[in-house]
Amino acid sequence: MNLLILESTCDETAAAVVNDRLEVLAAAVASQDRLHEQYRGVVPEIAARAHVENILPVIETTLRRAGLGLQDLAAVAVATTPGLAGSLLVGLVAAKTLCVALRLPLIAINHLHAHIYACRLASGEEIFPCVGLVVSGGHTSLYRCASPLDFQLLGGTIDDAAGEAFDKVANMLGLPYPGGPAVSRAARHGDPRAYRFSRPLLNDHERLQFSFSGLKTAVRYQIAGPGRIDPGAPRPAEQTIADLCASFQEAVVDCLVGKSLLALEKTGLKTLCVGGGVAANARLRERLAEATARAGVRLLVAPLELCTDNAVMGAIAVERLRAGLVEPLDLDITAGLVRGPALSLPP
Ligand code: KG4
Ligand code: ZN
């Protein structure tokens, strides 16, 4: 039994075919990074239009790679929440159209749950029950994951997402978009102790929440001078950029690792699964490995190719199909938190 999975929550148009034994038969992703890089952030309207152009070619490419036709599909699954409204709609309309035309069941995917499920799919191991950490451009959330059908939100960011902070710090420093990979590259040559940025909420042992907005401002003040946010400040020297990136990254990683450990402690769970674009960060992966080894916790981090948005992780839909969780064809999207363009400064 083959499922076609569609993903269009933000700025990647993706499709995959997965069978009910969780084998990935084919996948394709059309990235929009080049369209958004001039704005240093995702522009929702441009993203939605690009999805309209890309969705059918991506589906055709995926089916061709799998050596399958539409008649070989048993269900269509699509990410319906959270994301940018216009982007989500394109995927949902495509999925519904296929379901009507081919008389197939429609399965809904929560994009954040799918980011965690990437760990299950890639490892082939049972991961439930576990603590799940999703760190992406739009979200930074901790879950108690009892089963593939039961995710309870434990806490998340009260302002910016971790990836958003990486993107905006990159923007301030004149580094390219998306900012995460650029900041982490620059950080390799920097001293993480050069600047002592605060670790917001880290010492609050009652709350499983994050806050990255003030950290972003702290970097801005470091560039422009205390209390100033002068966008005309001269670009710092290369070593200063490297030191700022390393110090900023260390502060974000400290918060992510600290709160993940707190979630494990509070839930008593012994497995941590991590997914989302920021999970590709080498320093985060290294620090999570050290911390979980010390705490005697099993760690699964999504493989690099499944960290940023893709349809393969939507294989969580297989679990929903097995459980008979089929959606009506008047299903709507739930945008939830949306991600606007990053603070735009002259380069
Ligand atoms: O999961 P994703 O593709 O999209 C959302 O669902 O938001 O995540 C994209 C985010 C961007 O903010 C990007 O800068 C960040 O993931 N990212 C990274 C790294 N690679 C991507 N952040 C830190 N370090 C990285 N190596
Ligand atoms: Zn994502």
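The values are calculated or read from the model by the stated rules, or taken from the named source; none is laboratory data. Because the structure is predicted, anything quoted here is derived from the model rather than measured. When we count neighbours, we look across all protein chains shown, and the Cβ atoms used for this are built from the backbone with ideal geometry, even at glycine. Quick note on the areas: whole protein, heavy atoms, side chains included, nothing else; ligands and nucleic acids left out. Shrake-Rupley method; radii C 1.70, N 1.55, O 1.52, S 1.80 Å.
Miscellaneous remarks
- With respect to the conditions (1) of a type in the set (A, V, I, L, M); (2) within 16 Å of ligand 2 (Cβ to nearest atom); (3) buried (at least 21 other Cβ atoms within 10 Å of the Cβ), Leu304 lacks only one, and its number is (3).
- When segment 94-120 is filtered for residues that are closer than 15 Å to Thr271 by Cα and within 16 Å of ligand 1 (Cβ to nearest atom), the ones remaining, listed by number, are Ile116, Tyr117, Ala118, Cys119.
- The numbered conditions (1) within 16 Å of ligand 2 (Cβ to nearest atom); (2) without any contact (Cβ under 8 Å) to a residue 24 or more places away in the chain are all true for Ile116 except (2).
- Those residues of segment 63-82 which are open to solvent by less than 10 Å² (accessible area, probe 1.4 Å) and either farther than 29 Å from Phe151 by Cα or of a type in the set (Gly, Ala, Ser) (or both), in sequence order: Ala75, Ala77, Ala79
- Restricting segment 171-185 to residues that are assigned to a helix (DSSP H, G or I) and either within 16 Å of ligand 2 (Cβ to nearest atom) or free of Cβ contacts under 8 Å to residues at least 24 places away in the same chain (or both), the residue that is surrounded by the fewest Cβ atoms within 10 Å (Cβ to Cβ): Arg185
- Subset of segment 83-122 [among the hydroxyl-bearing types (Ser, Thr, Tyr) and open to solvent by less than 10 Å² (accessible area, probe 1.4 Å)]: Ser87, Tyr117
- Annotation: of all residues in segment 121-155 being of a type in the set (Ser, Thr, Tyr) and not in a strand (DSSP E or B), the one that is farthest from ligand 1 (Cβ to nearest atom) is Ser123.
- Unmet requirement for Leu208, which otherwise passes all of (1) crowded, with 18+ Cβ neighbours inside 10 Å; (2) part of a helix (DSSP H, G or I): (2)
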